[in-house]
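K.L.:
Questions regarding the structure given below will be posed in turn.
The values are calculated or read from the model by the stated rules, or taken from the named source; none is laboratory data. It should be emphasised that the depicted structure is a prediction, and the values quoted were computed from it without experimental measurement. For neighbour counting, all protein chains shown are included, and Cβ atoms are generated from backbone atoms with ideal geometry for every residue, glycine included.
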Amino acid sequence: MTRPLLSISNVSKFYGNVIALSEVSLDVYAGQVTCVLGDNGAGKSTLIKILSGVVTLDSGSYRFEDEPVSFSGPREAQDAGIATVFQDLATVPLMSVWRNFFLGNELTLGRGLMSRLDINRAKGIVREEMQKMGIDVRDPNQNVGTLSGGERQAMAIARAVYFGAKVLILDEPTSALGVRQSGIVLRYIVQAREQGKGVVFITHNPHHAFPVGDRFVLLRRGKLMATIEKEQTTIEELTRMMAGGPELEQLAHELSLATRKKSGE
Ligand code: ADP
């Protein structure tokens, strides 16, 4: 059995009296997509923040590549190879695609006072890397704001992969997108997995998770409800197990009773 690339065990996080996460364990393997599913308040954001070094855990352990780790900020996690694509994407809409791609990691020519941006190389790399993700960037000078939502997500994923991510954490990348755009992003998730990345895909949509996920981690109110392998479940079961599943079924039942009553059945 291969060992996980990243692993947390029995991790808890408290905010005053609020238990944001309670004894949660999760393994991420290279070349696999681990989906973290949960409704609002399940603890998904807290989990991402811990994995990406934004906050530190209060108890439990965090290991990466078989070593215990304790990141003191997102840059440290990123340097170790754990890249997080946050929902806001950290892109500047009025800046060009190539500038955004290299934001904070500018390519320069020459040294010291004589250094300047190596624009041509940067543009070439952006075109090539986006191509690998299946996106044809006609003009790297175009503003990021002109890309579609799906393409912007893809750019953020391509950027993380290019800068050496081994683990890619995607924070609800499809939540603001329509069906077609979501499809684009799901395709990139599969591509990242095929490139051997350990992908952590956070979502509240089992219909997005199921087709691409290898393993599903269900959180509810800060607790780990289940960890299920793809072959052990179905989309129907996953949907039912999601927070709100049983409540929604109950609601549907009540509504159908109410409708029947109204129509005098
Ligand atoms: P999700 O992303 O799944 O919606 P969160 O991780 O944001 O869940 O939240 C889990 C719980 O922790 C919620 O009850 C939330 O109110 C609480 N929480 C999260 N962050 C903070 C914070 N900074 N201060 C206080 N409570 C917080």
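K.L.:
Suppose we filter the range 145-155 for residues that are surrounded by fewer than 22 Cβ atoms within 10 Å (Cβ to Cβ) and either over 18 Å from LEU103 (Cβ atoms) or touching a strand residue (DSSP E or B) at 6+ places or on another chain (Cβ under 9 Å) (or both); how many remain?
P.N.:
Qualifying residue count for the region: 2.
K.L.:
Let me ask something additional. Kindly provide the set of residues from the range 145-181 that are in contact with a helix residue (DSSP H, G or I) (Cβ under 6 Å, 6 or more places away or on another chain), small (Gly, Ala, Ser) and modelled with pLDDT of 80 or more, ordered by number.
P.N.:
ALA154, ALA158
K.L.:
Within the range 22-60, track down each residue that is in a loop (DSSP other than H, G, I, E, B), touching a Pro at 6+ places or on another chain (Cβ under 7 Å) and on the phi < 0 side of the Ramachandran plot.
P.N.:
Within the range 22-60, the subset in a loop (DSSP other than H, G, I, E, B) is 29-31, 38-43, 52-58.
If we keep only those that are touching a Pro at 6+ places or on another chain (Cβ under 7 Å) as well, we get 29, 52-54.
TYR29, SER52, VAL54 - these are the residues of the range 22-60 that are in a loop (DSSP other than H, G, I, E, B), touching a Pro at 6+ places or on another chain (Cβ under 7 Å) and on the phi < 0 side of the Ramachandran plot.
K.L.:
Looking at the range 218-238, which of its residues are crowded, with 18+ Cβ neighbours inside 10 Å and outside any loop (DSSP other than H, G, I, E, B)?
P.N.:
Result: LEU218, LEU219, ARG220, LEU224, ILE228, LYS230, LEU238.
K.L.:
Counting only residues that are among the hydrophobic types (A, V, I, L, M, F, W, C) and within 14 Å of the ligand (Cβ to nearest atom), which one in the range 43-91 is nearest to GLU172 (Cα to Cα)? Steps first, please.
P.N.:
Within the range 43-91, the first condition is being among the hydrophobic types (A, V, I, L, M, F, W, C), and the residues that meet it are 47-48, 50-51, 54-55, 57, 64, 69, 71, 77, 80, 82-83, 85-86, 89-90.
Subsequent filtering for residues that are within 14 Å of the ligand (Cβ to nearest atom) retains 47-48, 50-51, 54-55, 57, 86.
Details: LEU47: 13, ILE48: 11, ILE50: 16, LEU51: 15, VAL54: 17, VAL55: 19, LEU57: 22, PHE86: 8 Å.
Residue satisfying both the conditions and the ranking: PHE86.
K.L.:
Please pick out the residue among GLN142, GLN191 that is surrounded by fewer than 20 Cβ atoms within 10 Å (Cβ to Cβ), assigned by TED's automatic domain parsing to the domain that holds ALA83, modelled with pLDDT of 85 or more and not β-branched (Val, Ile, Thr). So that I can check it myself, show each step before the final result.
P.N.:
On the way: GLN142 fails: modelled with pLDDT of 85 or more.
When all the criteria are applied, what remains is GLN191.
K.L.:
May I pose another question? Filter the range 5-42 for residues that are within 11 Å of the ligand (Cβ to nearest atom) and under 14 Å from the mean Cα position of the chain (by Cα) and give the result.
P.N.:
Selection gives VAL36, LEU37, GLY38.
K.L.:
Scan the range 214-222 and tell me whether some residue there is modelled with pLDDT under 90, more than 16 Å from the ligand (Cβ to nearest atom) and over 21 Å from LYS49 (Cα atoms).
P.N.:
Scanning the range 214-222, I find no residue that is modelled with pLDDT under 90, more than 16 Å from the ligand (Cβ to nearest atom) and over 21 Å from LYS49 (Cα atoms), so the answer is no.
K.L.:
With LEU5, LEU37 as the choices, which residue is in contact with a His (Cβ under 7 Å, 6 or more places away or on another chain) and not charged (D, E, K, R)?
P.N.:
Details: LEU5 fails: in contact with a His (Cβ under 7 Å, 6 or more places away or on another chain).
The match here is LEU37.
K.L.:
When you go through SER70, SER52, SER61, SER45 one by one, which is the residue that is closer than 22 Å to LEU219 by Cα, surrounded by fewer than 16 Cβ atoms within 10 Å (Cβ to Cβ) and of a type in the set (Ser, Thr, Tyr)? Walk me through it before giving the result.
P.N.:
Details: SER70 fails: closer than 22 Å to LEU219 by Cα; SER52 fails: surrounded by fewer than 16 Cβ atoms within 10 Å (Cβ to Cβ); SER45 fails: surrounded by fewer than 16 Cβ atoms within 10 Å (Cβ to Cβ).
One residue alone meets the criteria, SER61.
K.L.:
Would you check if there is a residue in the range 112-126 being modelled with pLDDT of 75 or more, under 17 Å from TYR162 (Cβ atoms), out of contact with any strand residue (DSSP E or B) (no Cβ under 7 Å at 6 or more places or on another chain) and not in a helix (DSSP H, G or I)?
P.N.:
Within the range 112-126, not a single residue is modelled with pLDDT of 75 or more, under 17 Å from TYR162 (Cβ atoms), out of contact with any strand residue (DSSP E or B) (no Cβ under 7 Å at 6 or more places or on another chain) and not in a helix (DSSP H, G or I).
K.L.:
Something else about it: Which is of a type outside the set (Ser, Thr, Tyr), in contact with a strand residue (DSSP E or B) (Cβ under 7 Å, 6 or more places away or on another chain), assigned to a helix (DSSP H, G or I) and touching a residue at least 12 places away in the same chain (Cβ under 8 Å), of ALA165, ALA192?
P.N.:
On the way: ALA165 fails: assigned to a helix (DSSP H, G or I).
Exactly one residue qualifies, and that residue is ALA192.
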